[in-house]
1. Could you bin all the Cα-Cα distances of the range 308-351 into 10 Å bins starting at 0 and give me the percent of pairs in each, rounded to whole numbers?
2. So how do Val13, Val174 line up by other beta-carbon neighbours within 10 Å, fewest first?
3. By how many nm would the segment from Trp320 to Ala198 grow when fully extended, if each residue of separation counts as 0.36 nm and the alpha-carbon distance is taken off?
4. If all Cα-Cα distances of the range 166-215 are sorted into 10 Å bins from 0 onward, what percent lands in each bin, rounded to whole numbers?
5. Rounded to the nearest 0.05, what FRET efficiency do Lys222 and Ile438 have when you use their Cβ-Cβ distance and R0 = 22 Å?
Amino acid sequence: MAVQVSDKARPWVVGSVMLGMFIVASETTIVATAMPSIVSQLGGFSHYSWLFAAFLLPQTTTTVIWGKLSDQFGRRPTITAGYIIFLTATLLCGFAWSMPSLIAFRLLQGIGAGAIQPINMTIVADLYTLEQRAKVQGYISGTWAVAGILGPLLEHAQSRAMRIDYTGAGLFAVTVLALLCVISEPDMGNIGMAVCAAVTVVGAAVTLWWERRVPEPIISIKLWTRRLIATCNMSAVLFGMILLGVTTMLPIYVQGVLGGSPVVAGAALIMLAGGTPTAIIIARPIFNRIGLAETMRLGAFCLCLGMGGMLTLSADSSIWLCCFYMLIMGFGMGWGLFIGVVMTQEAVELPLRGSAVAANVFCRSLGSAIGASALGAILNYGLAHDARPADEARLRDMLNHAAGLASVAGSAGLRDVLYNAVHMTFWGVEVFAVASLIVAFLVPNNEVVAKGSHRGRSQPTAAGD
């Protein structure tokens with residue numbers, strides 16, 4: 001797909017991308033901060049992890065499909081469809097009257113969200129060279145406070161005539177959905193778990209068999225076997241686990257242990273969000289000097305350092321210290337996630353770029369689902385392990401009310417139980433961070449990609465590892 005955008009139209013396109021990324025950012029900050037209160041009012045604390053999973057299930061399942069469609073039909077019509085679905089579902093979420101209705105609308109919301117982030121990231125790669133992209137991507141990542149409505153995409157694309165792999169898309173969707181059910185809903189019972197596990201294994205085998213047969217597969221097996229793509233995708237899984245792990249557990253720690261308000265919890269998340277675009281903006285001189293792979297390793301090290309700092313916090317620590325560690329993690333996220341996407345963009349031909357970026361975002365979303373489920377299980381284990389049965393029942397009852405976290409913070413004994421449980425989840429995130437550092441050292445050093453990309457804005461890239 002060739003992209004032709006005039007210099008006059010380019011700022012409008014970037015403005016639209018910034019607005020779209022702001023919508024995605026809202027899911028990881030505003031929603032994460034308000035979720036404890038929402039869950040307590042509609043259904044109980046036991047549904048806390050599931051409401052995140054309800055969004056991630058369809059988002060993860062459809063990301064790769066949306067990316068392939070954008071390669072076939074162009075970025076504008078594909079992302080417009082995603083926006084319509086997402087905004088409609090968001091409006092319906094605002095009118096949710098019960099937990100089942102909210103879960104249903106969050107599922108629909110996730111379908112639309114599956115298009116927004118990967119296609120927006122691909123649009124930036126279509127319009128700007130590697131040298132220009134760090135600055136532009138930094139602005140885009142800093143749209144946490146952007147609320148205005150910008151103009152529509154003014155992108156003119158020439159689509160290639162292709163056949164849509166409906167069978168592959170269906171097989172992939174069913175397989176991923178079954179996998180995420182196994183990950184996100186461990187309480188479905190032995191029979192349900194066995195069925196979903198069997199569907200996952202059989203579906204994966206059939207999907208791989210089918211995708212090797214079709215001329216235009218939804219999943220490019222050859223693309224996924226490249227070392228650079230594979231390691232960047234592995235890193236994306238771990239970064240997703242870390243990101244959602246922090247954004248789901250931090251509000252519980254700040255509100256339920258430190259006694260802060262939802263606004264204070266949001267401030268801590270903003271430090272994470274603020275560090276990310278700052279790191280991206282200053283990334284260019286860093287990767288020009290040390291290379292892209294080394295910059296990704298630097299990001300993973302910052303994640304280990306920031307989460308290590310969080311492990312030193314007590315039930316009486318200062319919120320400002322928490323914010324400082326979140327800022328360090330924000331820098332790690334900025335360098336880690338951004339560099340992974342850039343290396344993916346630069347390693348593939350232009351007609352495959354949408355699919356490659358979507359695959360990377362898919363891996364991040366898959367990691368988010370795994371992280372939310374794993375840390376939710378750790379939290380529940382911690383609550384059951386450190387509290388007497390009577391205290392555990394009382395604690396869970398308090399968490400099931402709108403003011404539950406504040407009430408827990410006011411009870412020294414219950415606050416200590418919650419702190420110990422949350423502290424266990426912090427150890428889980430630290431394990432993910434260390435794993436991301438190990439994987440980052442498996443990413444090949446590619447100085448051609450790191451320093452030699454001076455192609456034109458719309459020229460195809462050379463394939464490579």
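1. 24, 33, 21, 14, 8, 1
2. Starting with the residue having the fewest Cβ neighbours, the order is Val174, Val13.
3. Difference between extended and current length: 39.2 nm.
4. In order of increasing distance, the bins hold 29, 47, 20, 4, 0 percent.
5. My answer for the efficiency is 0.25.
No lab work stands behind these numbers, since they all come straight from the coordinates. This structure is a prediction, so every number in the text was calculated from the model and none was measured. Quick reminder, even Gly has a Cβ in these numbers, built from the backbone with ideal geometry, and neighbours come from all protein chains shown.
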